[in-house]
Amino acid sequence: MAQPSHAWRGVIEHYRARVDITRAISPITLLEGNTPLIPAPRLATALAQGKTEFELFIKFEAGNPTGSFKDRGMTAAITQAVADGAQTVICASTGNTAASAAAYAARAGIKCVVLVPDGKIAAGKLAGALAYGAQVIAINGNFDDGLRMVKQASERAPIALVNSINPARVQGQKTASFELIDTLGDAPDWLCLPVGNAGNITSYWLGFVEYHRDGLATKLPRLLGAQAAGSAPIVLGHIVEHPETIATAIRIGNPARWREAVQALDDSGGHITAVSDEEILACYKTVSRTEGIFCEPSSAAGLAGIAQGVREGWAELEGKRVVCVLTGHGLKDPDTAIKGTVPPITIEPNIEALLKVID
Ligand SMILES: *Cc1c(COP(=O)(O)O)cnc(C)c1O
């Protein structure tokens, strides 16, 4: 059935002339993208700690069909793979890529194999990958081991690799920058986000540069990247053999797009920093309580980067317009959400008992 002409048609169709992938088939899409850009004044006040004032927006990428920004790149990667004749796709994943690849493969009617680190994947992500019918394989190793293995598999067998080294992923993911500029009328002063494999920061920068070059933005933002302190190879300048952090989506010791990310940070006059799990969890709680926006712990790393920059004085935010990307949904990781809270009390089913406990 034809869609009404005003309907959103997904990032490939919406940015038809800019997403550089095959046009041999119509896009494999779940109508990803067009995610909310939410003003967050109460969160801005909390992060500013009385030291500065700035305007803050949240790009809420949890609004994508599988609950993370990975869908933007996956619609492009799966479309390209199917056009190239792939019957099977494979990826290594900390969870969200797995869920996204599984969904888009299901949509295309092809097989999907995902490698995840045993025991280090949030419940909602595993649930997604399994629900969408992927073959999920847990490895006694981390994401970096998984990436090495799937690269080898794609060289030896007729299987398409859809990790973020796949160039189509970047083409899809850069549409988030276009949406920001289309909504705000120009680029923000700062773009703030968590960094794991560094595909997203690379993609955002590409999108900003492209719109700026074509006169659709008058300026370029500065990039503020945040890595978890236990998995901060780019900040440290060396590979981390055994990355650790509660923010499992960025638990990566050897980022696939390391070089591009450093270039983007340099070109933008940006900054990359390491934030502790405590700083991440503090912001993770603050964003849901001040704004009603529930993200996964990894997503809050970007906010923790802002808070740290204000506290330490290196973030020049006064009077600026800041966009922080919240990369994935809080429901992906219910265990972490529940762990940090007081469990509900149980009462008798009568009004007296209820009035007694309402504080
Ligand atoms: C993948 C992911 C990241 C990291 O993005 P990279 O492109 O690997 O740097 C951050 N947050 C969430 C929720 C993710 O799924």
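So which residues in the stretch 319-338 are outside any helix (DSSP H, G or I), under 30 Å from Gly95 (Cα atoms) and touching an Asp or Glu at 6+ places or on another chain (Cβ under 8 Å)?
Going residue by residue through the stretch 319-338, those that are outside any helix (DSSP H, G or I) are 319-329, 333.
If we keep only those that are under 30 Å from Gly95 (Cα atoms) too, we end up with 322-329, 333.
Within the stretch 319-338, Val322, Val325, Leu326, Thr327, Gly328, His329, Asp333 meet the criteria.
Which condition breaks for Arg23 when tested against (1) charged (D, E, K, R); (2) surrounded by 24 or more Cβ atoms within 10 Å (Cβ to Cβ); (3) part of a loop (DSSP other than H, G, I, E, B)?
Unmet condition: (2).
Going through Thr341, Thr346, Thr290 one at a time, which residue ends up being in contact with a Lys or Arg (Cβ under 7 Å, 6 or more places away or on another chain), more than 19 Å from Ile272 (Cβ to Cβ) and either away from the ligand (no atom under 16 Å from the Cβ) or in a strand (DSSP E or B) (or both)?
Thr290
Scan the stretch 293-318 for residues that are away from the ligand (no atom under 16 Å from the Cβ) and not in a helix (DSSP H, G or I) and jot them down. Before you say what the answer is, go through the steps one by one.
Taking the stretch 293-318 first, the residues away from the ligand (no atom under 16 Å from the Cβ) are 307-318.
Matches in the stretch 293-318: Gly313, Trp314, Ala315, Glu316, Leu317, Glu318.
Which count do you get for residues in the stretch 83-100 that are farther than 16 Å from Gly10 by Cβ and either outside any strand (DSSP E or B) or small (Gly, Ala, Ser) (or both)?
12
This table checks each residue for (1) polar (S, T, N, Q); (2) over 21 Å from Gly328 (Cα atoms); (3) touching a residue at least 24 places away in the same chain (Cβ under 8 Å); (4) buried (at least 17 other Cβ atoms within 10 Å of the Cβ).
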position	(1), (2), (3), (4)
Ala86	no, yes, yes, yes
Val89	no, yes, yes, yes
Ser93	yes, no, yes, yes
Ser100	yes, no, yes, yes
Leu115	no, no, yes, yes
Gly119	no, no, no, no
Lys125	no, no, yes, yes
Asn140	yes, yes, no, no
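Results for (1) on the phi > 0 side of the Ramachandran plot; (2) at pLDDT below 95; (3) crowded, with 17+ Cβ neighbours inside 10 Å; (4) among the aromatic types (Phe, Trp, Tyr), shown as yes or no for each residue.
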site: Val19; (1), (2), (3), (4): no, no, yes, no
site: Arg42; (1), (2), (3), (4): no, no, no, no
site: Leu47; (1), (2), (3), (4): no, no, yes, no
site: Gly50; (1), (2), (3), (4): yes, no, no, no
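So which residues in the stretch 46-67 are touching a residue at least 40 places away in the same chain (Cβ under 8 Å) and in a helix (DSSP H, G or I), if there are any at all?
If the condition is that a residue be touching a residue at least 40 places away in the same chain (Cβ under 8 Å) and in a helix (DSSP H, G or I), then Ala46, Leu47, Ala48, Glu61, Ala62 are the ones that fit.
For the stretch 240-262: of the residues being within 17 Å of the chain's Cα centre (by Cα) and polar (S, T, N, Q), which is surrounded by the most Cβ atoms within 10 Å (Cβ to Cβ)?
Looking at the filtered set, the residue picked out is Thr248.
The values are calculated or read from the model by the stated rules, or taken from the named source; none is laboratory data. All figures in this text were calculated on a predicted structure; none of them were measured in a lab. Every residue, glycine among them, receives a Cβ derived from its backbone with ideal geometry; neighbour counts consider all protein chains shown.
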